[in-house]
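Since the structure comes first, as structure tokens, the remarks are kept for the end.
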Amino acid sequence: MVIGYYLKAWVKTLGLGHYLQYVVMALVFTMSLWAGGVVSSNYVINIVTYAVIYAVTSMIASLAVTVPISEVLRIKRIGGNGAVSNSDKVSVRLPVILLTVLVIGWLLGYYVKPPIPSGYIDSAIVIELLALILVIGLDMGSSINRRFIAHGSLGVIIAFSAMFGSAVDGLLLSYVLGLPPPESLGISMGMGWYSLVGPLLSVKFGPAIGTLAFLANFLREQLTYITVPLFVMGGFRDVALVSIGGATSMDDTLPIYRLYIGETGGFTAFVSGFVITMVLPILLPYILML
């Protein structure tokens, strides 16, 4: 990220951020191919059910922690301008592609079972994961500017309150569902960043937990597209809604916040997602070692 900040012109010229989606696709395919080969079809329903539970409860927990903080600090804000430009329109193409890649990889692994040693798959996922983190770091560093640093305090507060809420949710679900705390925390604290947390938990705990983490956080992102407009149209106009999107508020769900909360809310969402995206790759490995 430091390199990206000081060489931002070079990074933007190369357009490294555009390659991020291809690294993510490779990661998702490798992970799902592995999962399809070793996870029994009997577990699929359980995985989907648990994914829905984690997605919904982690969103609720993040919002529940952030709302009181916004009330105490009186940071309730909604921008007046709800219009968005064409460049802000919500893109659904990449999530659909990733879900398709996940299904194809799973089916190939389940029915074809390619004779690839598991050690090779582990190494491939680790290499792809390192490439993902490198590209993200360079791209994030090139996005930092003075306005971001000077006016980002609100987004920082929301980012950490959202992560704390998701952590509490993970601990509670560990007790309710019977999953070990590191696994449950890893899933709930993915903050919607399915392309990171899925492969990371696959390497640490196996493809079943990795797939569960991927789906839970994929659903968190998709549900953000639905819940934020419903909250705002229902009269709940609070910048704490940014906490629902987690890491995705920086990019994928940012247009939703810009559309329904306005320019100020959109900037706050970007900062919050940026902070989570910066902290999560450092924090998660330590959580998984608990």
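The values are calculated or read from the model by the stated rules, or taken from the named source; none is laboratory data. Note that the structure is predicted; figures quoted are calculated from it, not measured. Here the Cβ positions follow ideal geometry from the backbone for every residue, glycine too, while neighbour counts run over all protein chains shown.
Annotations
- Residue that is assigned to a helix (DSSP H, G or I), out of contact with any helix residue (DSSP H, G or I) (no Cβ under 6 Å at 6 or more places or on another chain) and at pLDDT 80 or above, where the choices are 158, 104: 104
Quick grid of which residues meet (1) outside any helix (DSSP H, G or I); (2) within 25 Å of residue 48 (Cα to Cα); (3) modelled with pLDDT under 90:
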site: 204; (1), (2), (3): no, yes, no
site: 209; (1), (2), (3): no, yes, no
site: 212; (1), (2), (3): no, yes, no
site: 222; (1), (2), (3): no, yes, yes
site: 240; (1), (2), (3): no, no, no
site: 243; (1), (2), (3): no, yes, no
site: 252; (1), (2), (3): yes, yes, yes
site: 261; (1), (2), (3): no, no, yes
site: 265; (1), (2), (3): no, no, yes
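- Restricting the stretch 19-37 to residues that are of a type in the set (Ser, Thr, Tyr) and over 18 Å from residue 113 (Cα atoms), the residue that is modelled with the highest pLDDT: 22
- Scanning the stretch 273-290 for residues that are touching a Leu at 6+ places or on another chain (Cβ under 8 Å) and not β-branched (Val, Ile, Thr) returns 273, 280, 281, 284, 285, 288, 290.
- Members of the stretch 245-276 that are among the hydroxyl-bearing types (Ser, Thr, Tyr) and either in contact with a strand residue (DSSP E or B) (Cβ under 7 Å, 6 or more places away or on another chain) or buried (at least 24 other Cβ atoms within 10 Å of the Cβ) (or both): 248, 249, 253, 257, 268, 272
- So residue 265, is it at negative phi and over 17 Å from the mean Cα position of the chain (by Cα): yes
- Cβ pairs under 6 Å, 6+ apart, first in the stretch 45-71 and in contact (Cβ under 8 Å) with a residue 60 or more places away in the chain, second charged (D, E, K, R) and exposed (fewer than 15 other Cβ atoms within 10 Å of the Cβ): 70/76
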